[in-house]
Amino acid sequence: MILARHAEALFWAGRYLERAEGTARKLEVTTRAAMHLEPELAASAWQVLIEGLGLQETFAASAIPLTERGVAGYLLTGDGNPGSIQRATSMLRENLRTARERVPVELWEESSRLYLRLSTIDADAVLDGEPQELYGLIRQGCQAVSGVVAEAMTRDEGHAFLVMGRMIERSTLTVQLIEAAFRRGPDLFDADRLLRSTSTMQAFHRIHGHGATHLQVALFLLQSRGVPRSVLSCMIRLSDRLDSIGEIGRAHV
């Protein structure tokens, strides 16, 4: 059986892993979209991103300008930002350290590599250069960690708690993105940006074509069983992991 402190650490490791990867992907998508928009619409795109990450209150309190430099710096390394990528990768590593005896050494190494890559980041220098390159590197680092989880981690209670953390974080981010996009109303709803932010655009177009309505996109992200970032898919995987914990517990009785 797993210790409660190990279960909690692995659950939160899963959440922080998903948070770091999701934030980097959404930053990359919004940066590409905003560079082609008028200043007022660009500011709206950055506001949708902040709301989609559930950070509107802390961002408003920071008094940081609603610009690419302001939002990107806040999401990369922002002091006092509980959802920054730098903090997420730090907490991912810390939680894996707490449960180190339960995880493969490769998982610890990949999380440490990602943390060290970001621990000394100079946000101003990055934003003066090619920030999208950094966002891609962050996503690749998170995907490397995910690959170790998928290919090297024993399918025990620790794995189940880590996956449950990821699924809760992932479904929460998907719902927040949908809510943020819908607040603008159907006339300002950007279907492509929402689908790109959830890595589902190709899957959606294969099923619905290119004439997407806001309701079709919302239902797709909420109810599609075969789409990894849909809320239903996350809940199915969460339920499966809960069942697996029950089976492991019964096997030890």
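The values are calculated or read from the model by the stated rules, or taken from the named source; none is laboratory data. This is a predicted model, so every value here is computed, not measured. Backbone-built Cβ (ideal geometry, glycine too); neighbour counts: all protein chains shown. What goes into the accessible areas is simple: the full protein's heavy atoms, side chains included, and nothing from ligands, DNA or RNA. Shrake-Rupley method; radii C 1.70, N 1.55, O 1.52, S 1.80 Å.
Listed values, structure above:
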{"item": "Residue among 158, 165, 147 that alone is in contact with a His (Cβ under 8 Å, 6 or more places away or on another chain) and at pLDDT 95 or above", "result": "158"}
{"item": "Qualifying residues in region 117-169 (those that are farther than 19 Å from residue 87 by Cβ and of a type in the set (D, E, K, R)) - the one surrounded by the most Cβ atoms within 10 Å (Cβ to Cβ)", "result": "157"}
{"item": "So residue 89, is it open to solvent by 70 Å² or more (accessible area, probe 1.4 Å) and within 27 Å of residue 52 (Cα to Cα)", "result": "no"}
{"item": "Subset of region 173-191 (residues that are in contact (Cβ under 8 Å) with a residue 40 or more places away in the chain and either under 18 Å from residue 235 (Cα atoms) or open to solvent by 50 Å² or more (accessible area, probe 1.4 Å) (or both))", "result": "173, 174, 175, 176, 177, 178, 179, 183, 184, 188, 190"}
{"item": "Scan of region 29-53 for residues that are closer than 17 Å to residue 173 by Cβ and of a type in the set (Val, Ile, Thr), ordered by number", "result": "29, 30, 48, 50"}
{"item": "Matching residues in region 1-28 - criterion: being buried (at least 23 other Cβ atoms within 10 Å of the Cβ) and among the β-branched types (Val, Ile, Thr)", "result": "23"}
{"item": "Some residue of region 227-239 being open to solvent by less than 20 Å² (accessible area, probe 1.4 Å), of a type in the set (A, V, I, L, M), in contact (Cβ under 8 Å) with a residue 12 or more places away in the chain and in contact with a Gly (Cβ under 7 Å, 6 or more places away or on another chain)", "result": "no"}
{"item": "Leading residue by the ranking (farthest from residue 117 (Cα to Cα)) among those in region 86-103 that are within 18 Å of the chain's Cα centre (by Cα) and among the aliphatic types (A, V, I, L, M)", "result": "96"}
{"item": "Hits in region 145-172 (condition: among the aliphatic types (A, V, I, L, M) and under 15 Å from the mean Cα position of the chain (by Cα))", "result": "145, 162, 163, 164, 167, 168"}
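To keep it simple, each residue is scored yes or no on (1) free of Cβ contacts under 8 Å to residues at least 40 places away in the same chain; (2) assigned to a loop (DSSP other than H, G, I, E, B); (3) under 25 Å from residue 121 (Cβ atoms).
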{"residue": "133", "(1), (2), (3)": "yes, no, yes"}
{"residue": "148", "(1), (2), (3)": "no, no, yes"}
{"residue": "161", "(1), (2), (3)": "no, no, no"}
{"residue": "165", "(1), (2), (3)": "no, no, yes"}
{"residue": "171", "(1), (2), (3)": "no, no, no"}
